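These notes are about the structure you will find just below.
The values are calculated or read from the model by the stated rules, or taken from the named source; none is laboratory data. What you see is a predicted model; the values in this text were computed from it and never measured. Heads up, the Cβs are rebuilt from the backbone with ideal geometry, glycines too, and the neighbour counts pull from every protein chain shown.
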Amino acid sequence: MTTHALADSATMLRRQLRHMKRYPSLTFMLAGMPVVFLLLFAYVFGGALGAGIGGPTGGRADYIDYLVPGVILMTVAAAAQGTAISVAMDMTEGIVNRFRTMAISRASVLTGHVLGSLVQTLISMVIVLGVALLIGFRPTATPVEWLAVIGVLVLLTFALIWLSVALGMVSESVETASNLPMPLMLLPFLGSGFVPTDSMPAGLRWFAEYQPFTPVIETLRGLLLGTPIGGSAYLAIAWCVVIALAGYLWAKRLYNRTS
Amino acid sequence: MNTRPPAIVVSGLRKSYGDKLVLDGIDLTVPRGTVFALLGPNGAGKTTTVQILSTLIGADGGLISVDGHDPAREPDAVRAAIGVTGQFSAVDNLLTAEENLILMADLHHLGKREGRRRAADLLARFELTDSAKNLASTFSGGMRRRLDLAMGLVGDPRIVFLDEPTTGLDPRSRRDMWQMIRALVAGGVTIFLTTQYLEEADQLADRIAVLDHGKLVAEGTAGELKRLVPGGHVSLRFTDSATYAAATRTFGDVPRDDDALVLRVPSDGGVAALRGLLARLDAEAIEVAELTVHTPDLDDVFLAITGQPQQEKESAR
């Protein structure tokens, strides 16, 4: 009954939002970790790293500007972990089997998760950005650039969420589901999130330059702070589309798998 | 009414997981408005059968019709006709009882007002009104099972699958559940029940099929099945051989133990049967030293039909 796809997805989204409202602690926890990293890197490492990046005139204030795009990606990765956990919880409990025996749009269960997580991620990004602005993050973006920032972030979030929906489903248990997306949290470190890639040793630098998070970080940095973007924007969009599509197809296959 | 197909028709149903044959050619027919029980031990294939009939998994072979539709080719037509209550309660723990029911109502596209009305109705019917605003995660086993059943009924299904609806429940909750299932039957719904308790099948079902190792080994009414079971008898012990001899003449050819002076008179163990038995003993003035009633249970049914005891007996009982 695909005619009800929209209505059913809306119902499932309402279900997710209700879960979120019932346990706001999860949303805050997901936002809490990147905030901790933001403060840690700004105040503990910021002085030393800032001197390395901005030269003697730079320092902590410059480093905060440099840092924020990477921390925002970390926020998305943390939220993706939350998605994988909530999908795995759903799958291990009987409720999804009940949905499967009902004449509803089959995709709606997953769509509800994806849209719910998107809302959750946007909330934690707003929290992280708020803290960043409080501690001295000074973006120079114009309104149009802000729109582009939002667009890139939504696209990236969408991609990582579909990926983690699949990860949540492929996990046999909730514990596995919370571990599988862990590498995503590391990616901002192994890219240009916290330090420039040209400060890394050759092998690592190669990985850092070609991994998907780096062009996204460079694009965000360019939009927010006016650094050169170059080809990063196209690369970022391409990566997001590829990850989203792969995640979507994988998740859908896992969901439709019978027996 | 008679021109409509039976609620469920299955013939030659087969299913295996890898090398393991789970269902080995099942045939069954469930007429509309009746209760059909699939009885068997753990691992017999009961849940697999329900999963196939309720479109959760596909079959490897055989013809299936549920409400006149093939679950493989027209799953949505089947889904629109059925309600399923699983062995493991399929409720959303993070929602309240009422929210769970309204979620179901929304998925059945009942509209806001009708959905609320239906939810309130079901909460009352399943004695959950007082807990309507509580999270399902705080519910006891019996309450969860009732909520689960209520959720399966939101869409007004014509056929309801109950997969071991009382496994793990305490005796009181079990009786409550039976009461609610009987009320459903009175409303004209067709029920496909699986259970490992003969007593449950006996209490609820019009017809019972016994499943063992993926095969139906017997089918009939509760009475017919029990007649297959030699275990159902009244055991009479006598103090002396003269009385014993008199009793053997009265009861004729029944299983006996001449050394122990014991006769095993086949009986369903019911009050009427006992009364008749006692009347016969009285009429012949036969003195009985000891009388014990042995009612058949699933173990006996299995022993009688398959020649081997049920491997796994639920100790929770």
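Filtering region A:223-254 to residues that are of a type outside the set (A, V, I, L, M), closer than 16 Å to A:Gly168 by Cβ and in contact with a helix residue (DSSP H, G or I) (Cβ under 6 Å, 6 or more places away or on another chain) leaves A:Gly247, A:Tyr248, A:Trp250.
Whether any residue in region B:240-260 is part of a strand (DSSP E or B) and of a type in the set (Val, Ile, Thr) is what I want to check. For region B:240-260, residues part of a strand (DSSP E or B) and of a type in the set (Val, Ile, Thr): absent. Among the conditions (1) more than 11 Å from chain B (Cβ to nearest Cβ); (2) touching a helix residue (DSSP H, G or I) at 6+ places or on another chain (Cβ under 6 Å); (3) part of a helix (DSSP H, G or I), the only one that A:Leu129 does not satisfy is (2).
The set of residues in region B:158-183 being surrounded by fewer than 19 Cβ atoms within 10 Å (Cβ to Cβ) and under 19 Å from B:Leu53 (Cβ atoms) consists of B:Arg158 alone.
Within region B:185-208, does at least one residue satisfy the condition of being of a type in the set (D, E, K, R), more than 21 Å from B:Val50 (Cβ to Cβ) and modelled with pLDDT under 90? The answer is no, given that none of the residues of region B:185-208 is of a type in the set (D, E, K, R), more than 21 Å from B:Val50 (Cβ to Cβ) and modelled with pLDDT under 90.
Residue pairs whose Cβ atoms lie under 7 Å apart, sitting 6 or more positions apart in sequence or on different chains, and linking a residue in region B:111-125 that is within 25 Å of A:His4 (Cα to Cα) to a partner that is of a type in the set (Gly, Ala, Ser), are B:Gly115/B:Ala105; B:Arg118/B:Ala105; B:Ala119/B:Ala105; B:Leu122/B:Ala150. Is there a residue being charged (D, E, K, R), in contact with a strand residue (DSSP E or B) (Cβ under 6 Å, 6 or more places away or on another chain) and within 14 Å of chain A (Cβ to nearest Cβ) anywhere in region B:13-29? Yes, region B:13-29 contains a residue that is charged (D, E, K, R), in contact with a strand residue (DSSP E or B) (Cβ under 6 Å, 6 or more places away or on another chain) and within 14 Å of chain A (Cβ to nearest Cβ).
Scanning region B:2-31 for residues that are farther than 23 Å from B:Val189 by Cβ, out of contact with any Ser or Thr (no Cβ under 7 Å at 6 or more places or on another chain) and touching a residue at least 60 places away in the same chain (Cβ under 8 Å) yields B:Leu21, B:Asp24, B:Gly25.
Given A:Val154, A:Val165, A:Val195, which one is assigned to a helix (DSSP H, G or I) and farther than 30 Å from A:Gly94 by Cβ?
So the residue among A:Val154, A:Val165, A:Val195 that is assigned to a helix (DSSP H, G or I) and farther than 30 Å from A:Gly94 by Cβ is A:Val154.
Comparison of A:Val174, A:Val165 shows that the only residue that is more than 24 Å from A:Leu129 (Cβ to Cβ), touching a helix residue (DSSP H, G or I) at 6+ places or on another chain (Cβ under 7 Å) and within 14 Å of chain B (Cβ to nearest Cβ) is A:Val174. Contact map, region B:33-55: first residue more than 11 Å from chain A (Cβ to nearest Cβ), second residue part of a helix (DSSP H, G or I) and not aliphatic (A, V, I, L, M), Cβ cut-off under 7 Å, separation 6 or more or different chains; pairs are B:Leu38/B:Lys46; B:Leu38/B:Thr49; B:Gly40/B:Lys46. Residue count for region B:236-280 satisfying the condition of being surrounded by 15 or more Cβ atoms within 10 Å (Cβ to Cβ) and charged (D, E, K, R): 4.
Answer yes or no as to whether B:Ala77 is more than 7 Å from every other protein chain (Cβ to nearest Cβ), surrounded by 20 or more Cβ atoms within 10 Å (Cβ to Cβ) and not aromatic (Phe, Trp, Tyr). No: the conditions fail for B:Ala77. With the condition being within 14 Å of chain A (Cβ to nearest Cβ), I'd like the strands (runs of 3 or more DSSP E) fully within region B:150-230 carrying at least 2 qualifying residues. Ranges flagged: B:159-163.
In region A:198-216, how many are assigned to a helix (DSSP H, G or I) and surrounded by fewer than 22 Cβ atoms within 10 Å (Cβ to Cβ)? Count: 10.
Among the residues making up region A:151-185, those that are within 25 Å of A:Asp65 (Cα to Cα) and exposed (fewer than 13 other Cβ atoms within 10 Å of the Cβ) are A:Gly151, A:Pro183. Do we find that B:Arg144 is in contact with a Ser or Thr (Cβ under 7 Å, 6 or more places away or on another chain), within 14 Å of chain A (Cβ to nearest Cβ) and within 30 Å of A:Ser25 (Cα to Cα) in this structure? Answer is yes for this residue. Looking across region B:2-47, the residues that are within 18 Å of B:Leu193 (Cβ to Cβ) and among the hydroxyl-bearing types (Ser, Thr, Tyr) come down to B:Thr29, B:Thr34, B:Thr47. Scanning region B:60-70 for residues that are under 17 Å from B:Ile26 (Cα atoms) and more than 10 Å from every other protein chain (Cβ to nearest Cβ) returns B:Gly61, B:Gly62, B:Leu63, B:Ile64, B:Ser65, B:Val66, B:Asp70. Of all residues in region B:252-294, exactly one satisfies the criterion of being free of Cβ contacts under 8 Å to residues at least 12 places away in the same chain, closer than 20 Å to B:Thr239 by Cβ and among the basic types (Lys, Arg), namely B:Arg256. If only residues of region B:82-95 that are more than 7 Å from every other protein chain (Cβ to nearest Cβ) and surrounded by 20 or more Cβ atoms within 10 Å (Cβ to Cβ) are counted, the one that is modelled with the highest pLDDT is B:Gly83.
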